[in-house]
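The structure appears below as structure tokens.
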Protein chains: 2
Amino acid sequence: MTELEMAMTMIVDVFARYSKGDSNSNSLTKGELKALMEKELPGFLQNGKDKDAVDKLLKDLDANGDAQVDFNEFIVFVAALTAACHKFFQQAECK
Amino acid sequence: MTELEMAMTMIVDVFARYSKGDSNSNSLTKGELKALMEKELPGFLQNGKDKDAVDKLLKDLDANGDAQVDFNEFIVFVAALTAACHKFFQQAECK
């Protein structure tokens with residue numbers, strides 16, 4: 001497997017790991033999104049200082065309004081975040 | 001580094017590796033895009049059967065019309081491809 005194929009597989013794996021908890025294993029519930037963010041992107045939610053951060057993020061990502069985050073919504077987020085990190089990389093270093 | 005952070009870093013690394021060849025290291029030229037596709041996503045361009053495949057892909061990805069693929073255009077492609085693979089995964093297995 002190439003590096004790019006591996007990166008894509010890892011993103012699919014991460015989503016699957018956190019979304020499989022409830023009956024609808026194709027989407028992240030609010031609790032699953034919170035767990036994913038805390039463990040996979042520590043620091044993004046500012047260490048829990050903003051108690052509404054997960055609610056806000058869910059609202060932002062939930063394009064189809066079903067109160068969950070499906071893979072298509074998740075990958076748009078990962079892409080936007082990677083683009084932001086890439087821009088920051090060019091200037092300094094992406095944490 | 002978490003698995004998701006590692007995946008994002010790998011995507012940034014792959015783009016950087018193939019885009020650094022010419023004077024504009026922030027974008028993939030047609031030749032750089034061809035090299036990236038052949039080495040990182042073998043099989044996607046159908047093993048060179050379609051000689052216009054790289055031209056078509058470049059045209060599809062080049063949202064701002066500068067005849068190159070910048071990181072934002074690249075990550076949109078990777079996201080779309082990952083989403084397609086994820087859908088396929090759910091049915092069978094993503095190659």
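Quick notes on this structure:
- Residues of type aspartates and glutamates that A:LYS87 reaches as a straight line, Cα spacing below 12 Å, ignoring anything fewer than 8 places off in the same chain: B:ASP70
- Per-residue Karplus couplings for segment A:26-32, computed as 6.51 cos²θ - 1.76 cosθ + 1.60 with θ equal to phi - 60°, are listed in order as 9, 9, 8, 6, 4, x, 5 Hz, Gly and Pro entered as x.
- Neighbouring partner chain Cβ atoms per residue of B:71-82, average, 10 Å criterion: 6
- Reciprocal mean inverse distance between Cα atoms of chain A - Kirkwood radius, Å: 14.2 Å
- At the listed q of 0.10, 0.15 Å⁻¹, the Debye profile of the protein assembly as shown, built from one uniform point per Cα, gives log10 I(q)/I(0) equal to -0.43, -0.94.
- The B and A chains share an interface that buries close to 2900 Å² of accessible area, total over both sides, probe 1.4 Å.
- The spacing between segment B:1-48 and segment B:61-82, judged by their C-alpha centroids, is 11 Å.
- Helical mean residue ellipticity (222 nm; -39500 (n - 2.57) per DSSP H run of 4+; nearest 500) of chain B: -20000 deg cm²/dmol
- Segment B:1-66: Lys pairs at Cα distance under 12 angstrom, eight or more positions apart or on different chains: 4
The values are calculated or read from the model by the stated rules, or taken from the named source; none is laboratory data. Quantities reported herein were computed from a predicted structural model and do not represent experimental measurements. Cβ coordinates were reconstructed from backbone atoms using ideal geometry, including for glycine residues, and neighbour counts include every protein chain displayed. Surface areas here come from the heavy atoms of the whole protein model, side chains and all, with no ligands, DNA or RNA. Shrake-Rupley method; radii C 1.70, N 1.55, O 1.52, S 1.80 Å.
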